[in-house]
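Chemist: First the structure, then my questions, so here it is.
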Amino acid sequence: MKSDYELKRAVDRYADTVRRICLLYLKNYHDTEDIFQNVFLKYCLYNKEFQNDEHEKAWIIKVTVNACKDFLKSFYHKNIMPVEAIQDMAVNADNDQSFVLEAVLSLPQKYKDTVYLFYYEGYTASEISKITGKKENTIYTFLARARKLLKEMLGGEDFE
């Protein structure tokens, strides 16, 4: 494990390089910061000695690139959409559909997540159960309650 001095020196020396590589791959500030921390955590835990500064820099770059590629291939990155993006979709959607999406976004979190995964991402109740760690019957209950709330919000009988 590296000392505090070695870690600080590496961060001072390579922080800009790591951030630029991450932004190039990820195009997202928050994901960049996550990868940045992971890279320097790996550096801190790396037990071998570097041959020289160029070897150290090459190692940092290689770890950064690999961490970015792993993140882009991850289930999380491929299957998660930020709530902000969904809200932007509501603003940019047709007026006929935007009020429905706004109603879904106003549901309590447990219903919102379930409805989003079921209707927008196309997961089955069984798959949602595995993703959320809740029982399958609980998912069906959440869907039924969410439908009831949406029916009340959107005007009742017209939306059956």
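Laboratory data are not the source of any read-out in this text; all were calculated from the coordinates shown. Note that the structure is a prediction, hence the values are computed from the model and not measured. All Cβ positions, glycine included, derive from the backbone under ideal geometry; neighbour counts span all protein chains shown.
Chemist: Suppose R0 equals 35 Å; then what is the FRET efficiency for Lys73 and Glu49 from their Cβ-Cβ distance, rounded to the nearest 0.05?
Modeler: Computed FRET efficiency for Lys73 and Glu49 comes out at 0.70.
Chemist: Let me ask something additional. Stretch Lys57-Lys42 to full length: gain in nm at 0.36 nm per residue minus the Cα-Cα span?
Modeler: Result: 4.0 nm gained on full extension.
Chemist: Can you list the GluC sites (Glu not before Pro) in region 2-67 that are in a DSSP coil and have 10 or fewer other beta carbons within 10 angstrom?
Modeler: Answer in residue order: Glu49.
Chemist: For a 18 Å ceiling on Cα separation, which of these pairs sit above it: Lys110/Lys148; Lys130/Lys151; Lys2/Lys69; Lys27/Lys57?
Modeler: Values: Lys110/Lys148 14 Å; Lys130/Lys151 27 Å; Lys2/Lys69 25 Å; Lys27/Lys57 22 Å.
Among Lys110/Lys148; Lys130/Lys151; Lys2/Lys69; Lys27/Lys57, the Cα-Cα distance tops 18 Å for Lys130/Lys151; Lys2/Lys69; Lys27/Lys57.
Chemist: Ok, one more. Please state the Cα pair-distance histogram of region 11-60 with 5 angstrom bins from zero: what percent is in each bin?
Modeler: P(r) over region 11-60, rounded to whole percents: 4, 20, 30, 24, 14, 6, 2.
Chemist: Here's something else I'd like to know. Compute the FRET efficiency between Lys135 and Asn28 as 1/(1 + (r/R0)^6), taking r as their Cβ-Cβ distance and R0 = 30 Å, and round to the nearest 0.05.
Modeler: On the way: r = 34 Å, r/R0 = 1.14.
Taking R0 as 30 Å, the efficiency between Lys135 and Asn28 is 0.30.
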